[in-house]
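Okay, so here's the structure we're looking at.
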Amino acid sequence: MMLFLRKPLLGAMMLATLGQLTACGSDNGNDGVTGRDGSQGSQGIPGVDGSNGTDGTNGIDGTNGSDAYLPRVEFTEVALPTSDAEKRSIQSTTHVMIDGVSQPVSFTQLMATGDQNNGEIFGLSKDISGDIIQFEDASNYLCSGTNDGVGSGLDYVSIIQKHDKLFMVAQFECQVGSMYSAELDQSATGILSVKVDSLQSVDQSSEFGGWVHCAGQVTPWQSHLGSEEYEPDAADVESALVGNTLTGSKYYDEAALYHSTAAERATGHAAAKEAGIQRMSPYFVGWTPEVTILDAAGTTDYVKHYSMGRFSHELAYVMPDNKTVYLSDDGTNVGFFMFIADEEMDLSAGTLYAAKWIQTSDASGGRALIDWISLGHADSATVKDVIDADLAFSDVFETDTPVDQACTDNSFTYAPSFDECLKVKDIDGLNGVDAVDTEIASRLETRRYAAMMGATVEFRKEEGITYDADNNKVYVAMSAVEKGMLDDSSQDLGGNNDVRLPQNSCGAVYAMDVLPVRGVDTTGMAIDSRFVVGNMNAIVTGTPDTSVANNDCDVNGISKPDNVTYLQGSDVLVIGEDGSEHENNMVWAYNVKSEALTRILTTPLDAETTSPFWYRDVNGFGYMTVVAQHPMGGEGDATDDDKQSKVGVIGPIDFTKLQK
């Protein structure tokens with residue numbers, strides 16, 4: 001309450017009182033004139049706050065909101081090939097229906113291995129000097145996957161939108177891993193074709209060459225992010241070369257041709273390999289390469305990101321924050337990795353994490369929570385600086401023999417699945433064994449280091465990755481649930497036996513939910529990403545079934561899932577196949593809500609499907625790239641043209657209704 005002192009009014013009251021006293025017993029006089037208001041007084045002391053009232057009762061829960069609307073996207077189904085003609089050719093969906101409106105679509109071939117353009121031959125292997133490699137019969141060493149070369153042929157092909165033009169970058173899954181780029185033309189109706197006189201070979205010599213380039217992604221900043229699969233085991237290479245001029249591995253020895261000269265190859269491939277192998281290290285390969293189109297002429301820049309670790313890279317997938325990258329590891333007893341770059345759109349430095357599978361169910365492909373084990377921070381320059389032709393496994397780790405899957409010397413750390421006792425050495429030769437050496441070891445021998453740190457290295461044939469922004473999920477394919485993924489498998493020598501699932505040789509696709517809050521690693525340290533996943537649950541599995549001749553998995557379901565790609569705004573996950581369990585490998589459209597599977601493409605006999613990748617808006621048109629790799633390789637009556645790997649697109653499609 002405010003207190004005011006009105007002095008003039010008080011004076012008037014006193015005068016009136018005196019008047020009343022002198023007139024006591026007499027008649028009252030007339031009232032006096034009202035005095036003026038006094039001036040405002042000073043503020044008084046605030047009162048004490050009242051006590052808080054009691055909480056009100058909770059209100060009634062509101063009703064659940066409806067799911068956000070996504071246009072329904074459906075493809076006409078491709079029938080299972082039955083005739084010889086159908087089995088020997090690409091069969092593709094003919095229509096896509098978006099919200100009830102049908103559009104005709106088709107498969108348009110862009111290139112095949114052996115095609116000539118601009119004086120270059122698509123898929124031709126070259127050495128470190130840029131000279132053509134030939135077979136010993138003087139024919140060109142073409143990476144088709146169906147000739148005498150070592151490898152599988154054309155794999156991932158990207159469509160890049162830069163410098164107001166369209167480009168494609170193609171990578172080849174051979175031991176001498178070639179890459180090519182070209183400009184694309186686009187007609188007024190959206191038909192794509194390779195521009196005449198635009199094909200160029202991508203120079204990889206500054207980064208030790210290329211190796212078994214597998215799947216890839218177009219980054220959010222429009223570069224081509226590739227992979228080097230099946231890294232050579234450096235310990236095996238070092239051991240094999242003791243007293244020998246070659247390792248005896250046709251894969252590693254074949255790559256020596258890249259490091260040989262034309263003059264050496266003229267004396268025969270055996271001598272050329274012996275010369276080339278002296279100039280190479282297993283640590284040259286097993287990394288994540290990135291190709292950038294520098295200008296409108298299509299000039300390319302090629303780098304490897306040593307900061308992201310060395311293992312059997314199937315695919316590196318960049319999330320929408322331009323920093324978080326999920327990395328799949330193809331093979332037996334492999335890991336699953338996550339990389340967080342220091343800066344957006346720059347993968348040259350960052351922190352690498354390995355997944356720990358914490359199983360919650362073994363039903364229908366399995367379910368698990370995922371913890372993340374930090375493998376530390378590294379930058380590419382520090383790692384690359386120690387790599388040269390002389391770098392060997394014994395320069396990275398000191399080893400000791402385990403006894404009953406344990407190390408008798410406590411200074412060593414046991415590596416489960418490898419059944420090795422390891423200790424990091426002074427790799428850079430500076431200051432003894434320090435944090436820098438640990439950083440380098442974690443990248444040169446990423447899977448071994450992850451095993452030492454307690455991560456799960458029991459996965460089998462880990463393949464493609466994609467992100468579903470509509471449902472905030474990451475998907476990953478496992479071509480087979482077997483070997484290290486089984487309970488007490490012989491592959492888990494000294495392992496954690498984290499994954500304990502029933503065998504399913506037809507494979508599974510898993511969904512991983514992005515955490516609603518930023519995650520932490522197993523030490524409690526915050527992970528600097530808003531795209532950390534916290535689980536891994538199978539959503540669709542293949543079914544063993546031999547009821548249809550020449551097929552070991554149900555022909556109306558997936559088999560050996562390989563690369564995957566999600567069409568944003570549609571609930572459609574596309575799943576490609578790579579295996580022999582289906583006579584013709586297939587590409588499926590899987591609705592992640594209704595769980596409906598639609599067959600949308602089949603490849604020729606002996607071919608796998610690679611490279612499916614959605615492009616929603618290429619100058620107003622949508623496409624999905626897809627490759628038929630090493631087709632007809634086992635068919636004796638097939639022509640050379642039949643056997644060439646082929647890349648094309650399904651489209652063009654008007655995806656206007658999918659824009660969000």
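The values are calculated or read from the model by the stated rules, or taken from the named source; none is laboratory data. Quick caveat: nothing in here was measured; it's all calculated off a predicted structure. Glycine also receives a Cβ, built like all others from the backbone with ideal geometry; neighbour counts cover every protein chain displayed. Please note that ligands, DNA and RNA were not included when accessible areas were found on the heavy atoms of the full protein model with its side chains. Shrake-Rupley method; radii C 1.70, N 1.55, O 1.52, S 1.80 Å.
Table for the structure above
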item: In segment 554-581, the residues that are of a type in the set (Ser, Thr, Tyr) and not in a strand (DSSP E or B); result: Ser559, Ser570, Ser580
item: Qualifying residue in segment 643-653 (condition: among the hydroxyl-bearing types (Ser, Thr, Tyr) and touching a residue at least 24 places away in the same chain (Cβ under 8 Å)); result: yes
item: Among the candidates Val196, Val237, residue that is part of a loop (DSSP other than H, G, I, E, B), aliphatic (A, V, I, L, M), in contact (Cβ under 8 Å) with a residue 60 or more places away in the chain and surrounded by fewer than 23 Cβ atoms within 10 Å (Cβ to Cβ); result: Val196
item: Matching option when the condition is open to solvent by less than 10 Å² (accessible area, probe 1.4 Å), under 25 Å from Gly376 (Cβ atoms), in contact (Cβ under 8 Å) with a residue 24 or more places away in the chain and out of contact with any Ser or Thr (no Cβ under 7 Å at 6 or more places or on another chain), among Val481, Val533, Val514; result: Val533
item: Residues that are more than 18 Å from Ala526 (Cβ to Cβ), in contact with a helix residue (DSSP H, G or I) (Cβ under 8 Å, 6 or more places away or on another chain) and not polar (S, T, N, Q), drawn from segment 326-348; result: Leu327, Asp329, Val334, Gly335, Phe337, Leu347
item: Candidate set: segment 406-428, residues that are out of contact with any strand residue (DSSP E or B) (no Cβ under 7 Å at 6 or more places or on another chain) and more than 20 Å from Pro282 (Cα to Cα); chosen: the one surrounded by the fewest Cβ atoms within 10 Å (Cβ to Cβ); result: Asn410
item: Test result for Asp492, in contact with a helix residue (DSSP H, G or I) (Cβ under 7 Å, 6 or more places away or on another chain), open to solvent by 10 Å² or more (accessible area, probe 1.4 Å) and not β-branched (Val, Ile, Thr); result: yes
item: Selection within segment 308-331 - within 21 Å of Asp513 (Cβ to Cβ) and small (Gly, Ala, Ser); result: Ala316, Ser328
item: Single unsatisfied condition, Glu439 versus (1) touching a Gly at 6+ places or on another chain (Cβ under 6 Å); (2) buried (at least 23 other Cβ atoms within 10 Å of the Cβ); result: (2)
item: Residues of segment 264-289 classified as under 34 Å from the mean Cα position of the chain (by Cα), within 26 Å of Cys214 (Cβ to Cβ) and in contact (Cβ under 8 Å) with a residue 24 or more places away in the chain, total; result: 13
item: Meets criteria (within 21 Å of the chain's Cα centre (by Cα) and in a helix (DSSP H, G or I)) for Arg530; result: no
item: Answer from Asn551, Asn584 - the residue that is open to solvent by less than 50 Å² (accessible area, probe 1.4 Å), touching a His at 6+ places or on another chain (Cβ under 7 Å) and not in a strand (DSSP E or B); result: Asn551
item: Pair list, Cβ under 6 Å, 6 or more apart: segment 416-443 residue under 23 Å from Thr401 (Cβ atoms), other residue of a type in the set (Phe, Trp, Tyr) and part of a strand (DSSP E or B); result: Cys421/Tyr414; Leu422/Phe397
item: Residue count, segment 110-147 (criterion: of a type in the set (S, T, N, Q) and either touching a helix residue (DSSP H, G or I) at 6+ places or on another chain (Cβ under 8 Å) or not in a loop (DSSP other than H, G, I, E, B) (or both)); result: 6
item: Subset of segment 59-80 (residues that are over 32 Å from the mean Cα position of the chain (by Cα) and either of a type in the set (Ser, Thr, Tyr) or at pLDDT 95 or above (or both)); result: Thr63
item: When residues of segment 604-615 are limited to those that are assigned to a strand (DSSP E or B) and open to solvent by 10 Å² or more (accessible area, probe 1.4 Å), the one nearest to Leu315 (Cα to Cα); result: Phe613
item: Among the candidates Lys126, Lys87, residue that is buried (at least 16 other Cβ atoms within 10 Å of the Cβ) and over 27 Å from Gly576 (Cα atoms); result: Lys126
item: Filter pass, Ile387 being open to solvent by 50 Å² or more (accessible area, probe 1.4 Å), out of contact with any Lys or Arg (no Cβ under 9 Å at 6 or more places or on another chain), touching a residue at least 60 places away in the same chain (Cβ under 8 Å) and β-branched (Val, Ile, Thr); result: no
item: Residue count for segment 616-645, restricted to those that are open to solvent by less than 20 Å² (accessible area, probe 1.4 Å) and assigned to a loop (DSSP other than H, G, I, E, B); result: 4
item: Breaking point among (1) assigned to a loop (DSSP other than H, G, I, E, B); (2) free of Cβ contacts under 8 Å to residues at least 12 places away in the same chain; (3) more than 30 Å from Pro104 (Cα to Cα), for Ala188; result: (3)
item: Residue, surrounded by the fewest Cβ atoms within 10 Å (Cβ to Cβ), within segment 297-346, restricted to residues that are small (Gly, Ala, Ser) and without any contact (Cβ under 8 Å) to a residue 60 or more places away in the chain; result: Ala297
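Table: residues versus (1) more than 24 Å from Ser361 (Cβ to Cβ); (2) of a type in the set (Phe, Trp, Tyr); (3) in contact with a Leu (Cβ under 9 Å, 6 or more places away or on another chain).
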| residue | (1), (2), (3) |
| --- | --- |
| Asp492 | no, no, yes |
| Cys506 | no, no, no |
| Val509 | no, no, yes |
| Asp521 | yes, no, no |
| Gly524 | yes, no, no |
| Arg530 | yes, no, yes |
| Gly542 | no, no, no |
